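Remarks on the structure that follows.
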Amino acid sequence: MHAITSPPTPLPPLPSADGVWEHLRPMPGALADAAIQATDISLVVQQGQIAWIGATSALPATYADLPRFNGGGALLTPGLVDCHTHLVYGGQRSNEFAMRLAGASYEAVAQAGGGIVASVRATREADEDTLFALAAGRLEALLAEGVCAIEIKSGYGLALEHERKQLRVARRLGEAYGVTVRTTFLGAHALPPEYAHRSQDYIDLVCQQMLPTLADEGLVDAVDVFCERIGFSLAQTEQVFQAAKALGLPVKLHAEQLSDMGGAAVAARYGALSCDHIEHLSDEGIAAMKQAGTVAVLLPGAYYTLRDTHLPPIQALRDAGVPMAVSTDHNPGTSPALSLLLMANMACTLFRLTVPEALAGITCHAARALGLQETHGTLGVGRPANFVLWNVADAAELAYWFGHRPVRAVVRQGRIATR
Ligand code: DI6
Ligand code: FE
């Protein structure tokens, strides 16, 4: 890989979105205030926040002199939320794509020295500016589609300085692009080679050194573990959760992706924000998640890439009333996906979500999976102005087209990001 030595150039400032955005047609479920029933609505942005929202016919006269943006009846949605990504890493792993096509399983690829550890090597070799430049390109693809908040995990460094590098890049991306970034420490993603056959020593390091140090540096918003046969055990998962709890940090879990480890129920006991993947989730896991208010994050990109056939228990989650989010799981191994709309489409076609479920999955439920439900994922007064105008006749088109981006305008953190 060639190194990029110069620091990333600061991006030019985006124009302010302050003013009246009128004649918009809200997606069902888009507004925090369900009492607003109008189909022609306006939204007032002041100092980057939503100052008023309601029927265009009821716009208060006090806003009459503000700049006007005529939406022309465009569909209005909240800014999209991508609640599970591994966006910052070096290299890429198209070679494994070929290996899997030739019949190798994800686990076999990992055992052959590929998998997560291959990305760890490339990430350790890359400096911070290189990682920034690589991740910036990926982030731009997601932002162009209307993403206004994104979770970015560490987990390809697996040593203090390299995990720090990933998390610092995640924070820098948020600042440079004016996008809400939630960082998740995933030190317990895989066993680094230098700890081969010493997984307990590594987990001790994660809990006693890496996590407290990075949390102290303000780099950690949540803590995640890959709880799996090829990842970490239930007991090790719980040890990491205890360390997170001691620091007052919320937890999430890569749970029951390849097998039913019982991780979801443990995560729920720690009040997890979300359990993600969950193809093999049990009824006990579902009940525990419901009780704890834990979001089920569905990752159809990984399911598709791995040509998995074991569907997550969608109907049981639906029956239990567990909120379902949908995310890219962007990562170089199992989900090299850079379109959240494509994930909504795949959640419908592969997982049989309804269109409203898929759209809630990339907005309000995704926000909840990050603990951002009071500020993101629905539109309401006092929230930061994050919204998207779409060139579509029907909200269902957002999950219907694929390979198409019917965006008319994106307002992100009160700035006009795409027009
Ligand atoms: N589950 C995933 O889908 C990714 N990590 C994880 O724990 C895969 C990461 C990779 O293969 O690089
Ligand atoms: Fe993941």
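The values are calculated or read from the model by the stated rules, or taken from the named source; none is laboratory data. Keep in mind that what you see is a predicted model, and the values were worked out from it rather than measured. So basically every Cβ, Gly included, is an ideal-geometry build from the backbone, and we count neighbours across all protein chains shown. Heads up: the accessible areas ignore ligands, DNA and RNA and are worked out on the full protein's heavy atoms, side chains in. Shrake-Rupley method; radii C 1.70, N 1.55, O 1.52, S 1.80 Å.
Distance from the C-alpha centroid of region 222-271 to that of region 111-137: 24 Å, rounded to the whole angstrom.
Counting only alpha carbon atoms, the long axis of helix 128-144 and the longest principal axis of the chain meet at about 40°.
For the chain, adding -39500 (n - 2.57) for each run of n ≥ 4 DSSP H residues and dividing by the number of residues yields -9500 deg cm²/dmol at 222 nm.
With each label modelled as a point 7 angstrom along the Cα→C-beta vector, the L247-L11 pair spans 2.7 nm. Compactness ratio for the chain: Cα radius of gyration over 2.2 N^0.38 Å (N = residue count) comes to 0.97. For K165, which aspartates and glutamates qualify as cross-link partners when the Cα separation must be under 14 Å and same-chain residues fewer than eight apart are set aside? Hits, sequence-local ones excluded: E125, D127, E128, D129, E217. When the Cα convex hull of region 80-153 is projected onto planes of every orientation, the mean area is 5.7 nm². Here the chain is assigned +1 on the Cβ of each Lys and Arg and -1 on the Cβ of each Asp and Glu. Its dipole about the Cα centre then comes out at about 540 debye.
Looking at the chain, the DSSP beta bridges with both ends there are about 45 percent antiparallel.
Run the accessible area of the chain with a 1.4 Å probe and give the carbon-and-sulfur part as a rounded percent. Of all accessible area on the chain, carbon and sulfur atoms account for 54 percent.
Residues whose amide H comes within less than 5 Å of that of K153, counting only those at least five positions distant or on another chain, are T85, H86, L87, V88, T184 (H built at 1.01 Å from N in the peptide plane).
For the chain, the relative contact order is 20 percent, taking Cα pairs closer than 8 Å that sit 6 or more residues apart in sequence and dividing their mean separation by the residue count.
Treating r as the C-beta distance of A104 and E397 and R0 as 41 Å, the FRET efficiency rounds to 0.60.
Take the alpha carbon atoms of region 30-92, find their center, do the same for region 152-194, and report the distance between the two centers in whole angstrom. The distance from the Cα centre of region 30-92 to that of region 152-194 comes to 30 Å. Note on E284 and L234: their simple-model spin labels are 0.6 nm apart, each label 7 Å out from Cα toward Cβ.
Normalised per residue, the accessible area of the chain is 39 Å², obtained with a 1.4 Å probe and no contribution from ligands, DNA or RNA. Taking label positions 7 Å along the Cα-Cβ direction at both R352 and Q47, the computed distance is 5.1 nm, reported to one decimal.
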